[in-house]
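Trainee: One structure coming up, written as structure tokens, with questions to follow.
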Amino acid sequence: MKQLVIATQNRNKFREMKEALSDVGWDILPGYDFPGIPEVEEDGATLEENSLKKARMVSEFTRLPALSDDTGLFVDALDGKPGIYAARFAGENCTYEDNVRKLLGLMVGVTQMKRSALFKTVITLYYPGGRFRQVEGEVRGNIAMESRGQGGFGYDPVFLPTGSSRVFAEMTLEEKNRISHRGLAVQKAREFLKGA
């Protein structure tokens, strides 16, 4: 069976990706299972640059095809922040809760009507030898007034997708994967993997 490395150290993200790619006919491996795999500094100016850099470095290290994503949360009331810095919005080594707390703190006094946001994911499939494909998924929504739900990770407790009464953290993984930014990007990546 063909092998694909998911270029992440994030076990929650790996679980979500593996679930979404379960029937593509590839053996899905976590990057963190490869001893000595380099920690990739996300110093690109865009989601596309960061996603490509991670996938390329992991593919070159493992000598296997690699899939990487980079995700940003763009909040209109905060002039697009946290943007590409969503994972480290509250500083280096911050927790998901730190990021959510900072986001909600900056939005105190912002009414529900003005809490619109865009979640965007760019996925790179990188093959040994340098060939790669990029796809993206995005979902519009609002930032909830408070943290809700027990599932998911990252900003899932406060992201309310348009048309839903539930934040991502209140959905099952299957429900979230059907409509989320990452889920939509993964659906596009699945088509390439099935045909590869």
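Trainee: What percentages make up the Cα-Cα pair-distance distribution of the chain when the bins are 10 Å wide from 0?
Mentor: Values per bin, smallest distances first: 9, 37, 35, 16, 3, 0.
Trainee: To make sure I understand, if each residue's beta carbon is the centre and we count other beta carbons within 10 Å, what order do 58, 108 fall in, fewest to most?
Mentor: The fewest-first ordering by Cβ neighbours comes to 108, 58.
Trainee: Given +1 on the Cβ of Lys and Arg, -1 on the Cβ of Asp and Glu, and no further charges, what dipole in debye does the chain carry about its Cα centre, rounded to the nearest 20? Show your work: numbers first, answer last.
Mentor: Details: 27 positive and 27 negative charges, 76 e Å.
For this selection, approximately 360 debye.
Trainee: Also, I was wondering about something else. At 222 nm, what value in deg cm²/dmol follows for the chain if DSSP H runs of at least 4 each add -39500 (n - 2.57) and the sum is divided by all its residues, to the nearest 500?
Mentor: -9500 deg cm²/dmol
Trainee: Kindly provide the chymotrypsin sites (Phe, Trp or Tyr not before Pro) of the stretch 1-109 that DSSP labels as loop, not H, G, I, E or B, and whose Cβ sees at most 16 other Cβ atoms within 10 Å.
Mentor: Working: sites: 14, 26, 32, 61, 74, 85, 89, 96; in loops: 85, 89.
Sites meeting the loop and neighbour criteria: 85.
Trainee: Another question, then. Identify the residues of the stretch 83-124 with backbone N under 12 Å of a label point that sits 7 angstrom from the Cα of residue 39 along the Cα-to-Cβ direction, or state none.
Mentor: So the set is 92-94.
Trainee: Take the chain, mark every one of the GluC sites (Glu not before Pro) that falls in a DSSP loop and has at most 12 other Cβ within 10 Å, then report the longest stretch left between them, sites excluded.
Mentor: Numbers: sites that count: 39, 41, 92, 146.
Formally, the longest exposed-site-free interval is 93-145.
Trainee: Shifting gears a bit: For residue 194, give me every one of the aspartates and glutamates with a C-alpha distance below 14 angstrom, ignoring sequence neighbours fewer than eight places off in its own chain.
Mentor: Output for residue 194: 23, 27.
Trainee: What residues have an amide H closer than 5 Å to that of residue 142, excluding those fewer than 5 places away on the same chain, when H is modeled at 1.01 Å from N in the peptide plane?
Mentor: The list, which skips near neighbours in sequence, is 117, 160, 162.
Trainee: Picking from 125, 104, 184, which is most flexible by a Gaussian network model of the chain using Cα springs under 10 Å?
Mentor: 104
Trainee: Right, next: Please give every one of the lysines within straight-line cross-link reach of residue 81, meaning a C-alpha to C-alpha distance under 18 Å, and leave out same-chain neighbours fewer than 8 residues apart.
Mentor: Reachable lysines: 102, 114, 120.
Trainee: Within the chain, what's the longest run with no trypsin sites (Lys or Arg not before Pro) in a DSSP loop and at most 12 other beta-carbon atoms within 10 Å? Give the range, please.
Mentor: Numbers: sites that count: 63, 131.
With a cap of 12 other Cβ atoms within 10 Å, the longest stretch comes to 64-130.
Trainee: Additional query: Convert each backbone phi in the stretch 28-43 into a coupling constant with the Karplus relation 6.51 cos²θ - 1.76 cosθ + 1.60 (shift: θ = phi - 60°), then list the ³J(HN,Hα) values in order as whole Hz, x for Gly and Pro.
Mentor: 8, 10, x, x, 6, 8, 9, x, x, 4, x, 7, 8, 7, 7, 10
Trainee: Give a quick list of chymotrypsin sites (Phe, Trp or Tyr not before Pro) in the stretch 98-163 that DSSP marks as loop, anything other than H, G, I, E or B, with at most 16 other Cβ atoms within 10 Å.
Mentor: Here the sparse-neighbourhood loop sites are 153.
Trainee: Now, a different point. Once label points are set 7 Å from the Cα along Cα→Cβ at both residue 116 and residue 192, what is their separation, rounded to one decimal in nm?
Mentor: 3.0
Trainee: Moving on to the next point. Anyone know which of 12, 93, 177 comes out most mobile in the 10 Å Cα GNM of the chain?
Mentor: Judging by the Gaussian network model, the answer is 93.
No lab work stands behind these numbers, since they all come straight from the coordinates. A quick note: this is a predicted structure, and the numbers were derived from the prediction, not measured. Cβ: placed from backbone, ideal geometry, glycine included. Neighbour counts: every protein chain shown.
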